[in-house]
Amino acid sequence: MISRRAALAALAAIPAIGLAETLRPSLTNDGPSLRALAGSRGIAFGAATANFELRQRDFTFALLRDCGIIVPEYELKRDLTEPVQGQIDFSATDALLDFARRHGLLIRGHTLVWYASNPPWLEPAVAAAPDERIFTDYVRAAMRHYAGRMHSWDVVNEAIQPQDGRADALRDSFWLRKFGPSYIDTAFLAARDADPSALLVYNDYGLEEEGAIHDQRRRAVLKLLEGMIARGVPVGALGLQGHLAAFTRKVDQRKLEAFLNEVRATGLRILITEHDVDDGGGPVDFITRDRAVADATRRFLDVALDNRSTMALLTWGLSDRFLKPESMREQLLRGTPRSLPLDAALQTTPMRAAIADALRNARPR
Ligand code: XIL
């Protein structure tokens, strides 16, 4: 019988690409690659990807053309790294790291302490745990395994949720219920201990748009970060996920600018970690949808890249090819969602042009 580890490694193996094929032109039919444009401004551009995506050669070429950094969309979440308690396996991310190394890409770590994408055993185990080692041991294992090799790490993900009704707006997660608010500091301290040189990121969503809930989220995140800095907790950057919606919500440029200025004033860096634009609620006609998606990206990036603390921009996936319609009805009416720089056929979308323009306008840092 083949071992679980060997099976995972086989699953993770990405086909090799020949030397000639690895030449990465910085010019495309649509002008400079996003990687080159971003690089000229001192910004890293890239996308989330996964081993199964990189088994499609046409996609891999497109990714190598535009990306200078990748992040695993699935492989480094605890449901996949530790499906059985105590049996930690990083081989799927190792394969991505190897791909990144062979092609001169940077790679980020996502994510260590989150309330979601966990194995089913974790929540009851946390409730019953004698102490914090249930997450500090995991943080240390991952950070030591990749010490010196990750561009940055999302240590704690999505710890804010004002709707949960707490005065500090912290999410009422199983982490918080067991350990109280200090679990966040503890995770960052364990991370620094395991890899002292790593850039440690607090990553969250819902910080870009209009509305009272976004106001509350911005306030809460700022307070959380300022508190951590005051306590000497080694947080190095804010990860702004950048999940937008073209037809149902709107970027608040003024409030986003003020918020990012405050983040910059704390001395933290800013990374845009998961940008995409949900085209739900739009018309069937994709030309209109594409325009609205590109407009949302532009409204967002004109502000977010104007801040000179913003050092990276990653989209959550590079091509619509791997997105799933929400329902059969959606599939029949509208087809694959259009949310990313390349469509399902790997043709550039107006969103990619919007990213290119925003990068061109960004001041060098
Ligand atoms: C999502 C993936 O895209 C999904 O396919 C997966 O099932 C769940 O996670 N915030 C994050 C990301 O930090 O990890 C999430 O990714 C999207 C929201």
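The values are calculated or read from the model by the stated rules, or taken from the named source; none is laboratory data. Values in this document were obtained by computation on a predicted structure and should not be read as measured data. A quick note on method: Cβ atoms are made from the backbone with ideal geometry, for glycine too, and the neighbour counts reach across all protein chains shown.
Residues that are assigned to a loop (DSSP other than H, G, I, E, B) and within 16 Å of the ligand (Cβ to nearest atom) do occur in the stretch 242-249, at least one of them.
Can you tell me which residue is surrounded by the most Cβ atoms within 10 Å (Cβ to Cβ) among those in the stretch 267-312 that are of a type outside the set (Gly, Ala, Ser) and at pLDDT below 95?
So the first thing to find is which residues in the stretch 267-312 are of a type outside the set (Gly, Ala, Ser), and the list is 268-279, 283-291, 293, 295, 297-303, 305-308, 310-311.
Adding the requirement that they be at pLDDT below 95 leaves 283-286.
Working: Pro283: 13, Val284: 9, Asp285: 10, Phe286: 18.
This residue is Phe286.
Using the structure shown, decide if Gly239 is assigned to a helix (DSSP H, G or I) and closer than 20 Å to Ser309 by Cβ. In short, no.
Looking across the stretch 292-351, the residues that are within 16 Å of the ligand (Cβ to nearest atom) and polar (S, T, N, Q) come down to Thr315, Ser319, Thr336, Ser339. Within the stretch 188-236, restricting attention to residues that are of a type in the set (Val, Ile, Thr) and in a loop (DSSP other than H, G, I, E, B), which residue is surrounded by the most Cβ atoms within 10 Å (Cβ to Cβ)? My answer is Val235.
In this structure, does Arg140 turn out to be buried (at least 17 other Cβ atoms within 10 Å of the Cβ), at pLDDT 95 or above, basic (Lys, Arg) and more than 15 Å from the ligand (Cβ to nearest atom)? Lay out the reasoning, then the answer.
Numbers: buried (at least 17 other Cβ atoms within 10 Å of the Cβ): yes; at pLDDT 95 or above: yes; basic (Lys, Arg): yes; more than 15 Å from the ligand (Cβ to nearest atom): yes.
Yes: the conditions hold for Arg140.
Condition test on Glu330, is it part of a loop (DSSP other than H, G, I, E, B) and of a type outside the set (Lys, Arg)? So Glu330 fails the test. A count restricted to the stretch 109-134 and to residues that are in a loop (DSSP other than H, G, I, E, B), within 12 Å of the ligand (Cβ to nearest atom) and aliphatic (A, V, I, L, M) stands at 1.
Selection of first residues in the stretch 336-351 that are part of a loop (DSSP other than H, G, I, E, B) and of second residues that are among the aromatic types (Phe, Trp, Tyr) and modelled with pLDDT under 95, restricted to Cβ pairs under 6 Å at least 6 apart or on distinct chains, gives the following pairs, ordered by first then second residue: Arg338/Phe286. Of all residues in the stretch 149-166, those being within 16 Å of the ligand (Cβ to nearest atom) and among the charged types (D, E, K, R) number 2.
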